[in-house]
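As structure tokens, the structure follows; a few thoughts come after it.
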Amino acid sequence: MRRSRRHDHRRARCWPREAGLHAADLQRRRPRSDGARAHGDRPVREFQPGQGVANARAHPHPNAPEGRPIADPRGCVGLTATPSAADLSQCVHCGLCLQNCPTYLLTGYEAESPRGRIHLIQALNEGRVEANAAYRQHLELCLVCRNCESVCPSGVHFGRIMEAGRAQLYERASLSWRERLFRRVAFHEVLPYPMRLRALFGALLVYQRSGLRRLVQASRLLPGSLRDAESLLPDLPAPFLPRWEVYPAEGKLRYRVGLFTGCVMPLVYAAVHAATLRVLRHNGCEVHIPRQQVCCGALNVHAGEQEGARAMARQNLPAFLDRGLDAIVVNSAGCGATMKEYAELLDSSAAAEFGRLTVDVTEFLASIELQPFRRPVHCTVTLQESCHLVHAQRIKEAPRTLLSSIPGLKLRDMAHPDLCCGSAGLYMLTERGMSTQILDDKMRDISQTDAQTIVTANPGCMMQLERGVRRAGLTAEVKHVVELIDEAYRPA
Ligand code: SF4
Ligand code: SF4
């Protein structure tokens, strides 16, 4: 299938001159128009009960040539505000990642490709360029989807490079007072505090249910950026507020697991948590939902706010460890990826243990013997593989295995299911133009499947795909994989 991508991103055109690199360093390359992928079916690691799963960074890259030494990331570098020279030097500039980079596919600019960004970060590291506005735009336009990491034959840890690169950028760049205020409030005053988040979303719930939303939308009173943010918000449900800290297993106890609830998920997608809890208990899990847990820190890490993320990680470790858990189950791919990499934030054995115990809910369910389903789920679904599941955690088969096992369900693949939907956390708000272009391409791929349900494994993807459904005028509904499993367990 041919992939149509536009290459009209103006900011990219001025970059080589403004940032002071020789244009030949970052030549514009034409994206391949045949949509061919640079990788085949990658080997995946699946959860083995009792063994746990470490993150993708802790292992030799699956595509690395046999015997090629890959630096052990945990041993040599942590997540710092300076990209490591060892990490940067792993890139051999082969360009195999380019055709898997959504921003390169759309712009055709080397500076919007993984290789170009690595080159830029290295140049700043070595003092050859300044952290000026153009430099900043190229780093901020990266989705941190880690698709490039997934296909890189040299095992380049692109996610870690970009996270450190952004931390370095925000240390050096001069931010406006509005940006500083936003970062202070969002990353330090709201995200780490569940009660403040709950109050904020409580106010939004009243706003939506009182009819005020319709009035505000009709009056177009909100300025552009706020209007965009407001339009992204789905209709809020009653929040997921667990009554107990420990829910017993139904029937024979098989596993003792923790459920990580996260910051926004219980307030926006409460039904996903409720479904996860039911499915786990039905499959013999005693489920612990510690009250002391807080946001995982993923949004902070991606925005280069590592200190805030460390503080949250420090709070999550004692909340889950020492409970004798077999696994810490998480149903948000973005959170899971960060939690598996806590040892890069905190150089401690407790952080490594936390990462070892963390499993995505699909990874966990696909690795255990499931109770028989009670009823068929007659629908045609297509799977959008969340980037932080398929690329950061390298979990590709688990959601498919689970979906294929549901009687009555037809799984119809879209083209390029592992290409980002343009959500990428706050990216869908901060890089609205690029995010929308990526989303529109994704919706074209989805509409060709005629699926009634789009399934994915991350709340940000769900929000973005719901927006895509509205934009494309489709009638499909968006669900988490675990919601369909839960449906198959309902009484016939
Ligand atoms: S990141 Fe990997 S795939 Fe991309 S240019 Fe560098 S070595 Fe090649
Ligand atoms: S993380 Fe995604 S958007 Fe960023 S360079 Fe890699 S493939 Fe491109």
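Odds and ends about this structure:
- Residues in segment 117-143 that are outside any loop (DSSP other than H, G, I, E, B) and either at positive phi or touching a His at 6+ places or on another chain (Cβ under 7 Å) (or both) were compared, and the one that is farthest from ligand 1 (Cβ to nearest atom) is L120.
- When the residues of segment 122-152 are filtered to those that are within 15 Å of ligand 2 (Cβ to nearest atom) and more than 22 Å from the chain's Cα centre (by Cα), the one that is surrounded by the fewest Cβ atoms within 10 Å (Cβ to Cβ) is Q122.
- Boolean, A203 is more than 24 Å from V482 (Cα to Cα), small (G, A, S) and at pLDDT 90 or above: yes
- Of all residues in segment 379-401, those satisfying the criterion of being in a helix (DSSP H, G or I) and under 17 Å from Y489 (Cα atoms) are P399, T401.
- Elements of the type helices (runs of 4 or more DSSP H) sitting completely within segment 144-204 and holding at least 3 residues that are away from ligand 1 (no atom under 16 Å from the Cβ) and not basic (K, R): these cover 158-172, 177-183.
- Tally, over segment 448-481, of residues that are crowded, with 24+ Cβ neighbours inside 10 Å and of a type in the set (K, R): 1
- Count - residues of segment 83-105 that are β-branched (V, I, T) and within 14 Å of ligand 2 (Cβ to nearest atom): 1
- Considering segment 330-378, the qualifying helices (runs of 4 or more DSSP H), each wholly inside and each with 1 or more residues that are touching an Asp or Glu at 6+ places or on another chain (Cβ under 6 Å) and surrounded by fewer than 24 Cβ atoms within 10 Å (Cβ to Cβ), run over 361-367.
- Residues that are more than 10 Å from ligand 1 (Cβ to nearest atom) and in a helix (DSSP H, G or I), drawn from segment 100-116: P102, T103, Y104, L105, L106, T107, E110, A111, E112
- Those residues of segment 145-161 which are under 20 Å from A86 (Cβ atoms) and in contact with an Asp or Glu (Cβ under 8 Å, 6 or more places away or on another chain), in sequence order: V156, H157, F158, G159, R160, I161
- For segment 234-283, filtering for residues that are β-branched (V, I, T) and in a strand (DSSP E or B) leaves 2.
- Cβ pairs under 9 Å, 6+ apart, first in segment 134-149 and under 22 Å from D418 (Cα atoms), second outside any helix (DSSP H, G or I) and near ligand 2 (Cβ under 6 Å from one of its atoms): C142/C101; L143/C101; C145/C101; N147/C101; C148/C101
The values are calculated or read from the model by the stated rules, or taken from the named source; none is laboratory data. These figures come from a predicted structure and were not determined experimentally. For neighbour counting, all protein chains shown are included, and Cβ atoms are generated from backbone atoms with ideal geometry for every residue, glycine included.
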